Amino acid sequence: HRVHPDDPRLMILADPAKGEVGTHRLLIEGIDQDHDEKWNEDAGLGVSFNKNFPAKYSFYAKGAGPNSVSEPETRAVADFCFDHPEILAILSFSPEDNLYFPPKPGGDEKIKTKIQSADAPIHEHFAKRYQEILGQKSPPASPEPAGSFADWGYLQFGRFSFSARGWWIPPKEEPKKEEKPEDKKPADEKKKDDRDADGQRALAWFNEQKIDGFAPWTPIKHPDFPGRAVEVGGFKPLYRTNPPAADLPTLAEKHARFVIELAAGAPRLVVTKQTIDRPAGGNVARLRVRLSNAGLFPTMSAMGKTADAVYPLNWKWNLPKGVSLAAGTMRGQVDPIKAGDEVEIEGVVLLNGPMTEPVILTIGSPSVRPIEPIRFDLSKEANP
């Protein structure tokens, strides 16, 4: 590394193509615990929550743990999810941002590691809405998720899973002004070095907001480097990732709006047509009902069906005394219904005498909005 030419607080990688030579070695603060001349590679007992889930789990990676879901915290969250099949979607906060960086759909790989093509439009819709609601620009790059909760929530728990930073240091907005000939810079004038742009942005913002978020480089004596110059300093932990307290009410309101929109998009079944075919008032009746999904989400994600992790829509005929099923089955499942699509369920029943109670069809799934039982009144001979 070498000192940034525009700001001595920042360290940047030397670029041999520019004739640069490294002058410093940049390490995370710590000591060489096992004297192998490698610093801070011994992870000890520290495990990162967002590296400990099974999806794309990175074995032997620092912070990943001895095995996936090895920690009581990750196990508790996974157990909570499986104990609550009514969960429709997940929203988590982490650097692995898939709302400002929506994932690209994958192919037909045997082991699914990407969002499925049928689910991508839904994710993109809510990603766009999130960006509109939050209103922030120029987000930091999103790291590749490996063992993250958000990826597990989609790839293995089978739910739509959204992940966002929630906040980041905003870029400095330069005032627009009309360039005049006399304002043009000479061709040989030194250009600003844009390396570590995020660091430069953070320092400028700290200065503007009067936030003490950077520790000056301070000489120390280090046991691993006797007789050599060592300095400790840099950005203070969490100052670049946590918003100022004054911003929290606005951020909470915006994210509440987004969560409400997610909930409002839940799949919702509505009856679009219901018939009873009973020729000449006979004792045989064909019962039909057509249902449409009036929500934004499908009744099950494509990944949920592939992973076999989401309860499907189940339906069941409830027959009163004196009614038997003449054709069809007493219960069954409905394939996932996309937004705006319809499905039809029918059954043929045999009536053994006058009817005083209706035939009832129930249909539902824990993650789909409940629908009232559908009643077929067979006490009349005419169609409803």
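The values are calculated or read from the model by the stated rules, or taken from the named source; none is laboratory data. Nothing here was measured: the structure is a model prediction, and the numbers come from that model. Cβ: placed from backbone, ideal geometry, glycine included. Neighbour counts: every protein chain shown. SASA here: full protein model, heavy atoms, side chains in, ligands and nucleic acids out. Shrake-Rupley method; radii C 1.70, N 1.55, O 1.52, S 1.80 Å.
Give me the dipole magnitude in Debye, nearest 20, for region 188-276 about the Cα centre, with unit charges on the beta carbon: positive for Lys and Arg, negative for Asp and Glu.
Approximately 400 debye in magnitude.
Just LEU134, LEU296, LEU325 to compare: in a GNM of the chain, with alpha carbon springs under 10 Å, which one fluctuates most?
In this elastic network of the chain, the residue with the biggest mean-square fluctuation among LEU134, LEU296, LEU325 is LEU325.
Based on the Kirkwood radius over alpha-carbon pairs, what is the Stokes-Einstein translational diffusion coefficient of region 318-384 at 10 °C with 1.306 mPa s viscosity, in µm²/s?
Result for D is 115 µm²/s.
Of the candidates GLY282, GLY65, GLY158, which one comes out as most mobile in a Gaussian network treatment of the chain with C-alpha springs shorter than 10 Å?
Among GLY282, GLY65, GLY158, the largest mean-square fluctuation in the Gaussian network model of the chain belongs to GLY282.
When only alpha-carbon atoms are used, what values of Rg and Dmax, in angstrom, describe region 61-100?
So, for region 61-100, Rg and Dmax equal 12.7, 34 Å respectively.
When 1/r is averaged over all different Cα pairs and the result inverted, which Kirkwood radius in Å belongs to region 204-243? All intermediate terms of the calculation are to be shown ahead of the outcome.
On the way: mean 1/r = 0.0838 Å⁻¹.
One decimal place: 11.9 Å for the Kirkwood radius.
Probe 1.4 Å, all protein chains in place: accessible area of GLU73 in Å², nearest 10?
Ignoring ligands and nucleic acids, GLU73 comes out at about 110 Å².
Using every Cα-Cα pair within region 29-104, state what percent have a distance larger than 20 Å.
Tail of the P(r) past 20 Å holds 49 percent of the pairs.
How long is the gain from LYS110 to ALA246 if the chain were fully straight, where each residue apart is worth 0.36 nm and the alpha carbon distance is subtracted?
Using 0.36 nm per residue and subtracting the Cα-Cα distance, I get 44.2 nm.
What's the Cα-based Rg to Rh of region 196-264, Rh via Kirkwood? Write out the running numbers ahead of the final one.
Working: Rg = 18.9 Å, Rh = 15.3 Å.
With Rg and the Kirkwood Rh in hand, the quotient comes to 1.23.
Using the per-residue mean of other Cβ atoms lying within 10 Å as a proxy for protection, in what order, highest first, do the peptides 352-365, 201-214, 239-252 fall?
Highest mean packing first, the order is 352-365, 201-214, 239-252.
For the chain, what is the mean residue ellipticity at 222 nm derived from helices alone (per DSSP H run of n ≥ 4: -39500 (n - 2.57); sum divided by total residues; nearest 500 deg cm²/dmol)?
Mean residue ellipticity, 222 nm, calculated: -5500 deg cm²/dmol.
In the structure displayed, which of LYS51/LYS128; LYS273/LYS316; LYS273/LYS305; LYS137/LYS192; LYS137/LYS338; LYS192/LYS221 lie more than 25 Å apart, Cα to Cα?
Check vs 25 Å cut-off fails for LYS51/LYS128; LYS273/LYS305; LYS137/LYS338; LYS192/LYS221.
Highest GNM mean-square fluctuation, the chain, Cα pairs closer than 10 Å: which of ARG159, ARG228, ARG331?
Looking only at ARG159, ARG228, ARG331, the biggest GNM fluctuation is shown by ARG228.
Could you check how much of the accessible area of the chain is carbon and sulfur, as a whole percent, using a 1.4 Å probe?
54
Please compute the per residue accessible area over the chain with all protein chains in place, 1.4 Å probe, rounded to a whole number of Å².
Details: 23320 Å² over 384 residues.
Ligands and nucleic acids excluded, the figure is 61 Å² per residue.
Post the alpha-carbon centroid distance, region 49-89 to region 283-349, in whole angstrom.
Each part reduced to its Cα centre gives a spacing of 33 Å.
Using a simple spin-label model with points 7 Å from Cα along the Cα→Cβ vector, what separation in nm is obtained for ILE28 and ALA204?
Between ILE28 and ALA204, the simple spin-label model gives 2.9 nm.
Report P(r) for region 50-147: all Cα-Cα distances, bin width 5 Å, range 0 to the bin holding the largest distance, values in whole percent.
Histogram of Cα-Cα distances, whole percents per bin: 2, 11, 16, 20, 22, 18, 10, 2, 0.
In whole Hz and in residue order, list the ³J(HN,Hα) couplings for region 293-302 that follow from phi through the Karplus curve 6.51 cos²θ - 1.76 cosθ + 1.60, θ = phi - 60°; x for Gly and Pro.
8, 8, x, 8, 7, x, 5, 7, 5, 4
Using the alpha carbon gyration tensor of region 263-382, what are the three equivalent-ellipsoid semi-axes (square root of 5 times each eigenvalue), largest first, in whole Å?
One finds semi-axes of 30, 14, 11 Å for region 263-382.
At q = 0.09, 0.11, 0.12 Å⁻¹, what base-10 log of I(q)/I(0) does the Debye formula yield for the chain when every alpha carbon is treated as an equal point scatterer in vacuo?
Each listed q maps to, in turn, -0.75, -0.97, -1.09.
How large is the accessible surface of ARG9 in square angstrom, using a 1.4 angstrom probe and rounding to the nearest 10?
100
Tell me which residues come under 5 Å, amide H to amide H, from LEU325 once H is placed; ignore anything under 5 positions away on its chain.
When sequence neighbours closer than 5 places are left aside, the close amide H contacts are LEU350.
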